[in-house]
Amino acid sequence: MNQVYLVSLYEYPNNIYIAKFYLKSERFSPNKYTNTTFGKHSHLNISSSDYVKNFFLVMNTILQIAIRISEDNKAASFGFLGAHKDDERDKMNPDNTFSNTKRYLVYKKYISRYFNPLHFEHIDSETASIYLVINRKNTLVTKEIIVDYITNTIIPTL
């Protein structure tokens, strides 16, 4: 059983892009990002192979979006936030981020394979479950600027 996922792309100042995705069936839920589990819903009968297929379809779609953006914008940089699951509430930080979430660990492993470190600086924030790939051609972005965006703009809108 395939599920429909929606991907929203957000562009921030200085050529920073963040993709957020969620199940279409969760689009009106305030927890749409934490509810997305690639098929492991108790009310659905999804096999483990469909779970893996859904994950790779979504991640490959986001990767293709990033590649397309990079072709059009040679300074594009990207951020990935691994939202927490319900059973990870104990990992909450005082700033409302979640440290070392399961999703973050998976995204980090997946994304790090596809962005060449010669062209992108990889910034890893395990304490906030955020993985960034900063385009080395993007001289406007520093680690401090992107951490400020994440803390003061991105996280409050989740």
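The values are calculated or read from the model by the stated rules, or taken from the named source; none is laboratory data. Everything numeric here is computed off the predicted structure, so don't read it as measured data. Ideal geometry is used to build each Cβ from the backbone, glycine not excepted, and the neighbour counts take in all protein chains shown. The area values use the complete protein model at the heavy-atom level, side chains included, leaving out ligands, DNA and RNA. Shrake-Rupley method; radii C 1.70, N 1.55, O 1.52, S 1.80 Å.
I'd like the trypsin sites (Lys or Arg not before Pro) in the stretch 53-122 restricted to DSSP loop residues with at most 15 other Cβ atoms within 10 Å, sorted by number. List each step's numbers first, then the result.
Working: sites: LYS53, ARG68, LYS74, LYS85, ARG89, LYS91, LYS102, ARG103, LYS108, LYS109, ARG113; in loops: LYS74, LYS85, ARG113.
Taking the stretch 53-122 and a limit of 15 other Cβ atoms within 10 Å, the loop trypsin sites (Lys or Arg not before Pro) found are LYS74, ARG113.
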| What is the log10 of I(q)/I(0) for the stretch 71-139, computed with the Debye formula using one identical point scatterer on each Cα and no solvent, at q = 0.14, 0.25 Å⁻¹? | -0.45, -1.00
| request: Just list whichever of LYS109/LYS137; LYS53/LYS109; LYS24/LYS74 have alpha carbons separated by over 21 Å in the model shown. | output: LYS109/LYS137; LYS24/LYS74
| On average, how much accessible surface per residue is there in the stretch 75-121, in Å², for a 1.4 Å probe, leaving out ligands, DNA and RNA? | 56 Å²
| For the chain, what percent of Cα pairs sit more than 26 Å apart? | 25 percent
| note | Counting as exposed only chymotrypsin sites (Phe, Trp or Tyr not before Pro) in DSSP loop states with no more than 14 other Cβ atoms inside 10 Å, the longest exposed-site-free span of the chain is 29-113
